[in-house]
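See structure below.
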Amino acid sequence: MRTSTLRTAALVVGSVAVLAAMAPTAAAQEPAGPLLPLSSVLPPLELKAGEPYYFCLTDATEKALAQAHITFDAVAPNTVVTYKSHTCMRGTLKNGRINTDLTGLAGEGTGGFAFQRDGRRAEFTAPRVALHLDMTGTWTAEHQGRRVDMFSCTREGAKPSLTKVSAENLPMTLTPARAQALSAAFGTSPAPAGRPFFEGNARFDVLNSVVGLLSPKP
């Protein structure tokens, strides 16, 4: 392997390793300057498209929806499935990247999810996630022609590592904007803002990005 290729490999692996290693402490300190000028050397690391993710109703949310006679649905190509004994929307990662300037991870999913009752339907499509260096995150989606905040999360359940970024039972807290959207559609929101509405489960592969960057081009 040429010296330039080895240097590129070290920078790529180093950028992902720093994201994983610094996550618990990034919020507690402000660096005086960038550790490495990675953004000027490498493009963002693309995540593997097509990876599945799940938005699973919490027990409390599922009970609240049932009491309000509101049905949970998916927007194609996403589907409603049972995952880990919960009712979930299953989607796939449409695109995503890890920023090599160490500002975090961004991704967009397919389709979306919806709620309906008595002929009324509220759809939330093209969900996007932004995970910051400390692994806190925000989700947005398209609703009635505009992008709205949906959920926020702490790093609880987030599992960054050298080869992937994953989440297991990640509490996704309902935002006021999302609660207002449900209230506008159905007269009331089945769940108040500030409480976990979904639990997120996902695994986004980053190793393929490294391998693809280092693979010799024809």
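Observations
- Single residue of region 99-114 satisfying the filter (at pLDDT 95 or above and in contact with an Asp or Glu (Cβ under 9 Å, 6 or more places away or on another chain)) that is farthest from Arg128 (Cα to Cα): Ala114
- In the condition set (1) within 17 Å of Phe55 (Cβ to Cβ); (2) open to solvent by less than 20 Å² (accessible area, probe 1.4 Å), Met135 is compliant with all but (1).
- Some residue of region 48-66 being among the polar types (S, T, N, Q) and either modelled with pLDDT of 50 or more or within 18 Å of Asp134 (Cα to Cα) (or both): yes
- Test: residue in region 156-166 that is over 21 Å from Cys56 (Cα atoms), open to solvent by 50 Å² or more (accessible area, probe 1.4 Å), modelled with pLDDT of 90 or more and not in a helix (DSSP H, G or I): no
- Test for Arg178: is it open to solvent by 60 Å² or more (accessible area, probe 1.4 Å) and either on the phi < 0 side of the Ramachandran plot or not in a strand (DSSP E or B) (or both): no
- Within region 139-152, residues that are open to solvent by less than 50 Å² (accessible area, probe 1.4 Å) reach partners that are part of a loop (DSSP other than H, G, I, E, B) with beta carbons closer than 7 Å, at six or more positions or on different chains, in the pairs Met150/Thr175; Phe151/Thr175; Ser152/Thr175.
- Inspection of region 119-134 finds no residue satisfying the criterion of being assigned to a strand (DSSP E or B), under 13 Å from the mean Cα position of the chain (by Cα) and of a type in the set (S, T, N, Q).
- Gly119 being small (Gly, Ala, Ser) and more than 18 Å from Pro190 (Cβ to Cβ): no
- For region 185-218, the candidate set comprises residues that are surrounded by 13 or more Cβ atoms within 10 Å (Cβ to Cβ) and in a helix (DSSP H, G or I); within that set, the residue that is modelled with the lowest pLDDT is Ser209.
- Residue pairs meeting the criteria (Cβ under 7 Å; at least 6 apart or on separate chains; first on the phi > 0 side of the Ramachandran plot, in region 116-127; second open to solvent by 40 Å² or more (accessible area, probe 1.4 Å)): Ala126/Glu142
- Of the residues examined, Pro77 is one that is modelled with pLDDT of 50 or more, loosely packed, with under 12 Cβ neighbours inside 10 Å and in a loop (DSSP other than H, G, I, E, B).
- Restricting attention to region 81-106, the residues that are surrounded by fewer than 16 Cβ atoms within 10 Å (Cβ to Cβ) and either of a type in the set (A, V, I, L, M, F, W, C) or in a loop (DSSP other than H, G, I, E, B) (or both) add up to 5.
The values are calculated or read from the model by the stated rules, or taken from the named source; none is laboratory data. The structure presented is a predicted model; accordingly, all values stated were derived computationally and were not measured. Here Cβ is always computed from backbone atoms with ideal geometry, including for glycine, and neighbour counts include all displayed protein chains. Please note that ligands, DNA and RNA were not included when accessible areas were found on the heavy atoms of the full protein model with its side chains. Shrake-Rupley method; radii C 1.70, N 1.55, O 1.52, S 1.80 Å.
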